[in-house]
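Read through the structure below, which is laid out as structure tokens, and then see the notes.
The values are calculated or read from the model by the stated rules, or taken from the named source; none is laboratory data. For clarity, every value in this text was computed on a predicted model and none was experimentally measured. In this analysis, Cβ positions are derived from the backbone assuming ideal geometry, glycine residues included, and neighbour counts consider all displayed protein chains.
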Protein chains: 2
Amino acid sequence: MAGILILGAGAMGAALTVPAAENNNEVGLWFTEYDLGIYEALRRGEPHPRIRVRLPSSVRLYRPEEFDEAVEAADLLILAVSSQGVYPVSRMLSRAMSGRDVPVAVVSKGIELVEGEPMTMAEVVAKYSGTRRVVYVSGPSLAAELAARRPTFTVYSSEDRVYAEGFREVMETSYYRISVSDDVLGASLSAALKNPYAIAYGIIDGMEGGGYNNLKAALVAHILGEMAGIVERLGGRRETVYGLSGIGDVYVTMMGGRNSMFGRLIGSGLTVGEALREMERRGVGVVEGYRNSETLIRYLEARGLGRGDAPILYTVYEILHKGAPKEVLIKTLTSLKS
Amino acid sequence: MAGILILGAGAMGAALTVPAAENNNEVGLWFTEYDLGIYEALRRGEPHPRIRVRLPSSVRLYRPEEFDEAVEAADLLILAVSSQGVYPVSRMLSRAMSGRDVPVAVVSKGIELVEGEPMTMAEVVAKYSGTRRVVYVSGPSLAAELAARRPTFTVYSSEDRVYAEGFREVMETSYYRISVSDDVLGASLSAALKNPYAIAYGIIDGMEGGGYNNLKAALVAHILGEMAGIVERLGGRRETVYGLSGIGDVYVTMMGGRNSMFGRLIGSGLTVGEALREMERRGVGVVEGYRNSETLIRYLEARGLGRGDAPILYTVYEILHKGAPKEVLIKTLTSLKS
């Protein structure tokens, strides 16, 4: 049992209170300013509007201005803000922890430009929060299912496995299964890459009413190979891509979710601009892969990789940001050496 | 250009005439007695009833009794009969080839008991056809899409790659992409294993209206790991499972197809017997994974593997053949390490 503070009360942050509160931990949930509407709803005793469950009654809710107090009471932190929020909250943590080296698990996904430099979420936390105990959380988790206590398998990764194991000890339940890895980079990159790849999948899926099943299946295999190659070249492990953090999460992102929906709109004939507006009209939130196709390429290029290492990713980027026609994706695939 | 004879005029055999005829090859299509209704339809100038396209007009159609004549004219053979047909047709080939060592590519999937021994399709052909030049064809291919010239990626495997390359030279087209491998065993096992695993996927997918997306995604990752372990222990390569022959084909089998449909019926509450009858009522043909879960286990056990190497496969087998309740699948999954 431990004092666990979850930072960010969106769908995933809120869902994590459910397993966290299961093991007699003292669980806090801190709300950013963007979450204040949710704060009010929970205070009124309503279910969380995005995952539609009531949070465990023992969870203590902290308002934005109660950040320092919340952090002070915590033995373990879970960072579940938006990917853009990871940098500012890491800086807030650095100040609030004031020398205490509290382990921080980060759930946010993607590659962000921080002070001009493309970084993974774990890299941002490690550099700006002041803790050396960074854990990265990955694997296929739809928040609403986790909150409903449906079986969910995740991976907690830290370069020294002992920190990930510390979280597993207090967070694991019968339905929230945690495996431990030391491949932080592989897990971080997989979690970022899945989104542009899900857009690629959606583009093929949207073409001519979905009659490209052979190509979609080949795409899944080619994506996996491309991800494994990128991860390996940057120092991670191929096996990470072939496990929960990779194929598991890629799968759930392709099957449902905003990125593949956005890709399908493009595949069915909308321009990128039209597809972005349609996503806005549907109110389904940010398409992470749209921006991440660009930040990922900056991340790769800053480390000496290029188009030959990631032809599918580059093709997605060129379709989304450089006006390339969607058909180049088929051309890229049929010209791949497998 | 070559004389290519395709044995078996079902969906896949017929679809393969399309790329085969593209490269100025002389293509023959031999009909088993089970295919005679299709023979008559094609003779009347109708499209193939199962893939709904007209075959290239240059394809020569051979009746069952014209087997010897057909084989004699061929430089390359493609065996596309049902998995039960591979043994008798291999024996017919042995007689008809009478010493000529013609390369045989086999497209059929599964593990069959032949004279009491569980064998892969490539093993049956190698043992009974008399050729030493066996090529195994795998990868995600819905026949109707291939026949419609939609991009399709396959793998041709032979222990000596030169035979697979011989097929690639004459069969590859812009839309029918062939990669070559020497892992015949990995490809054969992947093609057989995918069916029981697709049943497992269907069972979870059918539970409570499909609200187990996190578990399904984890299942995909766990299945991939289990397949890779089995293939490796039997002498094949993990990479085969992570490529087109493995995840590519697993994916397309899970998403569509009879095996996952059958699993969904069980997941939604039907008994195995009821689900089998419902499949018959729907007229969708044989559920390969039902029988193959049993022949696969015999194949594994004959080679010293057991439940610990394949807990998901064994669980499917126990649900289908031993009366275990479908819920044991969730129990198996949540008790897996990582």
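Look at (1) in a strand (DSSP E or B); (2) in contact (Cβ under 8 Å) with a residue 60 or more places away in the chain and you find that B:MET12 fails only one, number (1).
How many residues, within the stretch A:15-38, are without any contact (Cβ under 8 Å) to a residue 60 or more places away in the chain, more than 18 Å from A:GLN84 (Cα to Cα) and either buried (at least 19 other Cβ atoms within 10 Å of the Cβ) or among the β-branched types (Val, Ile, Thr) (or both)? Residues meeting the conditions: 6. Take B:GLY235 and tell me if it is away from every other protein chain (no Cβ under 14 Å), at pLDDT 95 or above and farther than 21 Å from B:LEU142 by Cα. In short, yes.
Filtered by the rule that a residue be more than 18 Å from the chain's Cα centre (by Cα), away from every other protein chain (no Cβ under 13 Å) and among the hydrophobic types (A, V, I, L, M, F, W, C), the stretch B:176-229 gives a lone residue, B:ILE203. In the stretch B:146-175, the qualifying residues are those that are within 13 Å of another protein chain (Cβ to nearest Cβ) and without any contact (Cβ under 8 Å) to a residue 24 or more places away in the chain, and the one that is farthest from B:ASN25 (Cα to Cα) is B:SER174. Scanning the stretch B:179-230 for residues that are under 24 Å from B:LEU276 (Cα atoms) and among the charged types (D, E, K, R) gives B:LYS194, B:ASP205, B:GLU208, B:LYS216. Of all positions in the stretch B:80-87, at least one carries a residue that is surrounded by 19 or more Cβ atoms within 10 Å (Cβ to Cβ) and in a loop (DSSP other than H, G, I, E, B). Among strands (runs of 3 or more DSSP E) entirely within the stretch A:105-212, having at least 2 residues that are within 28 Å of B:LEU215 (Cβ to Cβ) singles out A:134-138, A:152-157, A:176-181. Only residues that are at pLDDT 95 or above and either among the charged types (D, E, K, R) or not in a loop (DSSP other than H, G, I, E, B) (or both) were counted across the stretch B:15-32, and they come to 12. Tallying residues that are surrounded by fewer than 22 Cβ atoms within 10 Å (Cβ to Cβ) and of a type in the set (Val, Ile, Thr) within the stretch A:283-311 yields 3. Within the stretch A:238-251, can you find the residues that are crowded, with 23+ Cβ neighbours inside 10 Å and facing chain B (nearest Cβ under 9 Å)? Once the filter is applied, which keeps residues that are crowded, with 23+ Cβ neighbours inside 10 Å and facing chain B (nearest Cβ under 9 Å), the stretch A:238-251 yields A:VAL241, A:TYR242, A:GLY243, A:LEU244, A:SER245, A:GLY246, A:ILE247, A:GLY248, A:ASP249, A:VAL250, A:TYR251.
For the stretch A:194-218, taking the residues that are in contact with a strand residue (DSSP E or B) (Cβ under 9 Å, 6 or more places away or on another chain) and not small (Gly, Ala, Ser), the one that is nearest to B:MET12 (Cα to Cα) is identified as A:ASN214. A:SER260 falls short on exactly one of the conditions (1) within 9 Å of another protein chain (Cβ to nearest Cβ); (2) within 17 Å of the chain's Cα centre (by Cα), and that condition is (1). From the residues in the stretch B:312-338 that are within 14 Å of chain A (Cβ to nearest Cβ) and among the β-branched types (Val, Ile, Thr), which one is surrounded by the fewest Cβ atoms within 10 Å (Cβ to Cβ)? If we take residues in the stretch B:312-338 being within 14 Å of chain A (Cβ to nearest Cβ) and among the β-branched types (Val, Ile, Thr), then B:VAL328 is surrounded by the fewest Cβ atoms within 10 Å (Cβ to Cβ).
The set of residues in the stretch B:302-338 that are of a type in the set (Ser, Thr, Tyr) and in contact with an Asp or Glu (Cβ under 7 Å, 6 or more places away or on another chain) contains only B:TYR317.
Restricting attention to the stretch A:109-145, the residues being among the hydrophobic types (A, V, I, L, M, F, W, C), away from every other protein chain (no Cβ under 14 Å) and under 25 Å from A:TYR290 (Cβ atoms) number 8.
For the stretch B:148-183, the tally of residues that are in contact with a Lys or Arg (Cβ under 8 Å, 6 or more places away or on another chain) and either of a type in the set (A, V, I, L, M, F, W, C) or modelled with pLDDT under 95 (or both) stands at 3.
Taking the stretch A:223-338 and the helices (runs of 4 or more DSSP H) fully enclosed by it, the elements with 3 or more residues that are among the small types (Gly, Ala, Ser) and assigned by TED's automatic domain parsing to the domain that holds A:PRO196 are at A:258-267, A:288-302. Cβ-Cβ distances below 8 Å connect the following pairs, each with a first residue in the stretch A:44-69 that is closer than 15 Å to A:THR17 by Cβ, a second residue that is assigned to a helix (DSSP H, G or I) and of a type in the set (Lys, Arg), and a separation of six or more residues or different chains: A:LEU61/A:ARG43.
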